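The values are calculated or read from the model by the stated rules, or taken from the named source; none is laboratory data. Just so it is clear, the structure is predicted and the values come from calculations on it, not from any experiment. When we count neighbours, we look across all protein chains shown, and the Cβ atoms used for this are built from the backbone with ideal geometry, even at glycine.
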Amino acid sequence: MALPNNDIGDEAREVLSAQAHIWNHTFNFISSMSLKCAIQLGIPDIIHRHGRAMTLSDLVNALSINKSRGQDSIYRLMRILIHAGFFIEEEEGYLLTPSSRLLLKDEPNNLSMIPFIQMILDPIMMDPWHYLSQWIQNGGTSPFATTHGKHIFEYAEKEPKFNRLFNEAMAGDARLVMSVLIQNGKGVFEGLKSLVDVAGGTGTVAKAIAEAFPQINCTVLDLPHVIEGLEGSKNLSYVGGDMFNSIPSADAVVLKSVLLDWEDEDCIKILKKCKEAIPNKENGGKVIIIDMVPIDHNDDNKSYETQLFYDMLMMVAVSGKQKREQEWAKFFYDAGFSDYNIIPILGLRCVIEVYP
């Protein structure tokens, strides 16, 4: 029997709409946790290995789970992940999307984002969000430091498990970015004979450049505990050190996802050290920055939202922040550079060439 059509007033409709809006944002974490669950269960890999659309019953049978509750729980998990765009469902069953193809453990192009997701959604990274208001009220370096008693990089130095998790996440992101940059932005590296990847972690960026451009001698500079045990190759070497103290001399310095981690004064200090390490513009010197330059939200609302999320992550994890073009420009000029060029070829991020 049809329910009676009891129309409600505008005020009640507004209140109920506001409640739904609040619920939606309160429950936002469920999407992230559902994604993490799917990765832990290996669902993308199982569907990929199946080779064709996979029915719910076939998926449940292939999973190492409690079968008594599997059918219903997996159906509900897949339903929300389909809504979020990670899978699609046809009459024959579930299929991967471009997003879930980046969630394969053995992604064909080695561009898996699993390490990044595992790091961001690890309790070590999630717990500081519970201390955000306390940090705003009381001050301190960051909510991460408030939670764990140390800056994130100091924490990684003392905790090998987290250090490995962090480095794997950064390496995975670097592989994806460099695959696009080398294919579509080779001009950035033309004419260079040497470069230093500053705070380059385990060297993923430098390795990609060294392989694509064998004429360039590449050096990775990072803290000693980060590069410990790593071996170079013919045109790749590792140097333990601190970018705030000195940077090895080279034609170019690469800063990928570095400057957003630091407060304004520290960014200028890093850039000044970069300028000391490179020749003048006429002799080919430049700094190559790979980072975000926020876009106008009218162009792409989802990308703008992602950049807002990332900015909040920087505040909570490392006390850094996003920088709009005018803020980038101020840093460059305050550090003694003369000009810059922004190349928007990396989706949410850009390449910025900065000249002395």
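Per-structure values
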| item | result |
| --- | --- |
| Matching option when the condition is in a loop (DSSP other than H, G, I, E, B), of a type in the set (K, R) and surrounded by fewer than 20 Cβ atoms within 10 Å (Cβ to Cβ), among K150, K161 | K150 |
| First in the stretch 143-154 and within 18 Å of S133 (Cα to Cα) and without any contact (Cβ under 8 Å) to a residue 40 or more places away in the chain, second anywhere and hydrophobic (A, V, I, L, M, F, W, C) and in a helix (DSSP H, G or I), Cβ under 6 Å, 6 or more apart | T146/W135 |
| Conditions (1) without any contact (Cβ under 8 Å) to a residue 60 or more places away in the chain; (2) surrounded by fewer than 15 Cβ atoms within 10 Å (Cβ to Cβ): number failed by D106 | (1) |
| Among residues of the stretch 294-319, those that are on the phi < 0 side of the Ramachandran plot and more than 14 Å from the chain's Cα centre (by Cα), counted | 13 |
| Exclusive hit being within 20 Å of the chain's Cα centre (by Cα) and either of a type in the set (K, R) or buried (at least 20 other Cβ atoms within 10 Å of the Cβ) (or both), set V253, V198, V188 | V198 |
| Subset of the stretch 55-94 (residues that are farther than 15 Å from P44 by Cα and assigned to a helix (DSSP H, G or I)) | S57, K67, S68, R69, G70, Q71, D72, S73, R76, H83 |
| Checklist (1) closer than 18 Å to L195 by Cβ; (2) within 21 Å of the chain's Cα centre (by Cα) applied to K323, failing item | (1) |
| Residue that is touching a strand residue (DSSP E or B) at 6+ places or on another chain (Cβ under 8 Å) and closer than 26 Å to V177 by Cβ, where the choices are F87, F116 | F87 |
| Condition check for P128: crowded, with 19+ Cβ neighbours inside 10 Å and either of a type outside the set (S, T, Y) or not in a helix (DSSP H, G or I) (or both) | yes |
| Residues that are within 30 Å of H130 (Cβ to Cβ), surrounded by 12 or more Cβ atoms within 10 Å (Cβ to Cβ) and not aliphatic (A, V, I, L, M), drawn from the stretch 26-77 | F29, S31, S32, S34, K36, C37, G42, P44, S73 |
| So E168, is it within 17 Å of the chain's Cα centre (by Cα), surrounded by fewer than 20 Cβ atoms within 10 Å (Cβ to Cβ) and either under 20 Å from L259 (Cα atoms) or in contact (Cβ under 8 Å) with a residue 60 or more places away in the chain (or both) | yes |
| Among (1) of a type outside the set (D, E, K, R); (2) modelled with pLDDT of 90 or more; (3) farther than 28 Å from W129 by Cβ, the one test that M1 misses | (2) |
